[in-house]
Amino acid sequence: MIARRTVIAGIEIPDSRIAGEATELVRDTSTPLLFHHSRRVFLWGSLFARQTGLDHDPELFYVGALFHDLGLVAGEHRSEAERFEIDGANAARRFLEGHGVPEERVMTVWESIALHTTPQVPRYKQPEVRLVNWGVEYDIHGRHFDELAAAQRDDVIAAHPRPGFKDGVLEALSGVLRDKPETAFLTWQADLLAAARPDYERASFCDVVRRSPFAS
């Protein structure tokens, strides 16, 4: 069990029963790389929320952050045909329903996970949905990098290190697509753009990740 009143970079990790059991489930089911990534997502988003005064439910945000990549992990939470985001969202739904959480709160967490790779939409949704997306973009792409202080980044990475994270997360993402190629994201838009603008050079997601301001 993660110790109660864990504080990292001035952010307190939620210590409710639901938060504690979510931590244990994801830590035991996921890989160390994805578990540390998920905790960083919560911490980055919490720092952003504190800085901007964005009111949110820390427990719901925490569960969304923890479960957001669970669909990348082979096993009981990974379906044969759904996108990995949906698999993670459905796993969180089952977990929260098992704790008697009301549907409105369950749906907030579901959407925070299902939409975390969908550009632009989360900013119009509930704060918890927005924060999961913000934290993911910060940790994966290094977007908004200078909006948090270097000392905050150092504290978070000291608690949840990221050695080899860039290559590791790209392998995790490509692995699930190798198994379920039909779930590849927005290929129809890329096809339309290629037809409409043959001269357009599409940015590589892999390059964006590898060029993020984080060292690894």
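Figure legend: label point modelled 7 angstrom from the Cα of T31 along Cα→Cβ; residues of region 157-198 with amide N under 19 Å from it are 160-181, 184. Computed from point charges on the beta carbon alone (+1 for Lys and Arg, -1 for Asp and Glu), the dipole magnitude for the chain about its Cα centre is near 380 Debye.
Under a model in which nothing but the beta-carbon of Lys, Arg (+1) and Asp, Glu (-1) is charged, region 143-199 shows a dipole of about 80 debye around its Cα centre.
Helix 58-67 axis versus longest C-alpha principal axis of the chain: approximately 50°, rounded to the nearest ten.
State to the nearest 20 debye the size of the charge dipole of region 88-216 about its Cα centre, where the only charges are +1 on K and R beta carbons and -1 on D and E beta carbons. Don't skip to the answer; put the middle values down first.
Working: 16 positive and 19 negative charges, 11 e Å.
Dipole of region 88-216, to the nearest 20 debye: 60 debye.
For region 153-216, trypsin sites (Lys or Arg not before Pro) are listed when DSSP marks them as loop and at most 12 other Cβ atoms sit within 10 Å of their Cβ; the list is R202, R211. With viscosity 1.002 mPa s and temperature 20 °C, the Kirkwood radius over alpha carbon pairs of region 154-215 converts through Stokes-Einstein to a diffusion coefficient of 151 µm²/s. The phi-based Karplus calculation (6.51 cos²θ - 1.76 cosθ + 1.60; θ = phi - 60°) puts the 3J(HN,Hα) values of region 85-92 at 5, 5, 4, x, 5, 5, 5, 5 Hz, whole numbers, x for Gly and Pro. Normalised by the number of residues in the chain, the mean separation of alpha-carbon contacts (under 8 Å, six or more apart) gives a relative contact order of 22 percent.
Here each label is just a point 7 Å from Cα along the line to Cβ, and for E21 and A158 those points are 3.4 nm apart. Per-residue Karplus couplings for region 136-146, computed as 6.51 cos²θ - 1.76 cosθ + 1.60 with θ equal to phi - 60°, are listed in order as 5, 4, 5, 7, 8, 9, x, 5, 6, 3, 7 Hz, Gly and Pro entered as x. In the chain, the longest principal axis of the Cα atoms and the axis of helix 32-52 are about 80 degrees apart.
Here, each number is a calculation from the coordinates, and none is a lab measurement. This one's a predicted model, so the numbers in the text were calculated from it and none came from an experiment. Because the Cβ atoms are built from the backbone with ideal geometry, glycine has one as well, and the counts that use them run over all protein chains shown.
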